[in-house]
Amino acid sequence: MATKLPTTDIRIGPELIRRRKGGIPLVCLTAYTYPVARLLDPHVDLLLVGDSVAMVLHGHETTLGASLDMMIAHGQAVMRGSARACVVVDMPAGSYEVSAALAVASARRIVDETGCQAVKLEGGVDIAGQIAAIVAAGIPVMGHIGLLPQSVEKDGGYKIKGRTDETVAALMADARAVEKAGAFSVVIEGTIEAVAADITRRIAIPTIGIGASGDCDGQILVIDDMVGLTVDRVPKFVKEYADLRRVIAHAAERYAAEVRERTFPGPNHVFSGSKASSDSNDGDEP
Ligand code: KIV
């Protein structure tokens, strides 16, 4: 059954995001589900259906557990719950690296099956050809440079980038490659602050920081980290704006106690009407 969309003004597109370079900072968060998209949509410019969903919602150890089908299912849920924000869906590892043709086919599937505004892929110089091909096929692309979670096994862990002259030069080359390939914006993750700020000054597309710099053109966080719902390790760069771990544990504790002492369900949570001639639900919706 189709779900009713929230009312809206007009949806923010990638071109509008691109034009915000150097302006009011872009507010971005990840979202993976319909209800969370509904709650976030009025407050953000961009919702990213990140492949972090594999870790955050599915309990995988790394984002390498994400599949194209998984990203599409969550992309559809977020699109059903959002009407205003620019929705970007991550291309999972294995869906774009080997060739431009595979990258275009995977990006096309994501856009056709979710209706999202853009896709995101990780890498710089090494995947510039894939970005250019996807853009040439008419699909807007967001880049992602710096610490690349899909390369965690290759890199031997989550390592901050930009500590040496060599990695600073590599980061700058990646940023320029992504920009030249036609991306409308680029996420910079896990880099030395001054390096992210310098990249932001030197390229013409908006940079979206995560563990990067307050000078970036926007910021993004993983939603579960931001609301204090992450049960495993929380990265240093996260600020928790709520403590949903405590809220949920407290609610579960109260519910368990009330079920055990038979105070739930109470009179307001049961149907105590008199006998009727049929079992129809008329006027007695659950
Ligand atoms: O998958 C993800 O959540 C991301 C953000 C961390 C930028 O790529």
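If R0 equals 35 Å, the separation of the Cβ atoms of residue 166 and residue 15 corresponds to a calculated FRET efficiency of about 0.50. In percent, rounded to a whole number, the relative contact order of region 126-221 is 27, using alpha-carbon pairs under 8 Å and six or more apart.
The relative contact order of region 131-285 comes to 15 percent, based on Cα pairs under 8 Å that sit 6 or more residues apart. Report, in whole Å, the centroid distance computed from the Cα atoms of region 24-40 and region 72-119. Between the Cα centre of region 24-40 and that of region 72-119, the gap is 16 Å.
Amide H contacts under 5 Å for residue 89: 49, 118, 119, 120, restricted to partners 5 or more places along the chain or on a different chain, H placed in the peptide plane at 1.01 Å from N. What does a probe at residue 243 reach in region 37-75, counting residues whose amide N is under 15 Å from the point 7 Å along Cα→Cβ? Output list for this probe position: empty. So for region 80-138, considering every pair of alpha-carbon atoms, how many percent are separated by more than 16 Å? Of the Cα pairs, 39 percent sit more than 16 Å apart. Pairs exceeding 19 Å between alpha-carbon atoms, taken from 159/236; 21/236; 120/180; 154/236: 21/236; 154/236.
Label positions at residue 234 and residue 61, each projected 7 Å from the Cα along the C-beta direction, are separated by 2.5 nm.
Computed over the chain, relative contact order equals 16 percent, with contacts defined as Cα pairs under 8 Å that lie 6+ residues apart. In this simple spin-label approximation, residue 269 and residue 204 carry label points 7 Å from Cα along the Cα→Cβ vector, and these lie 6.0 nm apart. Distance between the modelled labels on residue 136 and residue 98, one decimal in nanometres: 2.1 nm (7 Å Cα→Cβ projection). Pairs of Cα atoms in the chain fall into 10 Å distance bins, from 0 up to the last occupied one, in shares of 6, 26, 32, 18, 8, 6, 3, 0, 0 percent. Taking the DSSP beta bridges with both ends in region 90-203, the antiparallel portion is around 10 percent. Annotation: the antiparallel percentage among DSSP beta bridges lying fully within the chain is about 5.
For region 131-286, the normalised intensity computed at q = 0.08, 0.09, 0.14, 0.19 Å⁻¹ comes to -0.45, -0.51, -0.78, -1.20 (log10 of I(q)/I(0), Debye sum over alpha carbons, equal scatterers, no solvent).
Ordering 257-270, 226-239, 47-60 by mean Cβ neighbour count within 10 Å, with the highest value first, yields 47-60, 226-239, 257-270. Only one residue of 137, 197, 74 has its Cα farthest out toward the positive end of the dipole of the chain, where Lys and Arg carry +1 and Asp and Glu -1 on Cβ, and that residue is 197. Peptides 209-219, 126-136 ranked from most to least packed give 209-219, 126-136, packing being the mean of other C-beta atoms within 10 angstrom over each peptide's residues. Over the chain, dividing the summed -39,500 (n - 2.57) contributions of all DSSP H runs of at least 4 residues by the number of residues returns a 222 nm mean residue ellipticity of -10500 deg cm²/dmol. Coupling constants for region 53-59 follow from the phi torsions by the Karplus curve (6.51 cos²θ - 1.76 cosθ + 1.60, θ = phi - 60°), and in residue order they are 3, 4, 7, 5, 9, 9, x Hz; glycine and proline get x. Taking a straight line from the alpha carbon of residue 161, these aspartates and glutamates sit under 18 Å away, with near neighbours fewer than eight places off in the same chain left out: 122, 126, 153, 174, 189, 193, 198, 215.
Couplings 3J(HN,Hα) of region 256-262, computed from phi: 4, 5, 5, 5, 5, 9, 6 Hz, in residue order, whole Hz [Karplus 6.51 cos²θ - 1.76 cosθ + 1.60, θ = phi - 60°; x for Gly and Pro]. For region 72-89, the Karplus equation 6.51 cos²θ - 1.76 cosθ + 1.60, evaluated at θ = phi - 60°, returns couplings of 5, 4, 6, x, 5, 4, 5, 5, 5, x, 10, 10, 10, 6, 6, 9, 10, 10 Hz by residue, with Gly and Pro reported as x.
Ligands, DNA and RNA are left out, and with a 1.4 angstrom probe the accessible area of the chain is 53 Å² per residue.
The values are calculated or read from the model by the stated rules, or taken from the named source; none is laboratory data. Just so it is clear, the structure is predicted and the values come from calculations on it, not from any experiment. Cβ sites come from the backbone with ideal geometry, for glycine too, and all protein chains shown count toward neighbours. Ligands, DNA and RNA are excluded from the accessible area calculation, which covers all protein heavy atoms including side chains. Shrake-Rupley method; radii C 1.70, N 1.55, O 1.52, S 1.80 Å.
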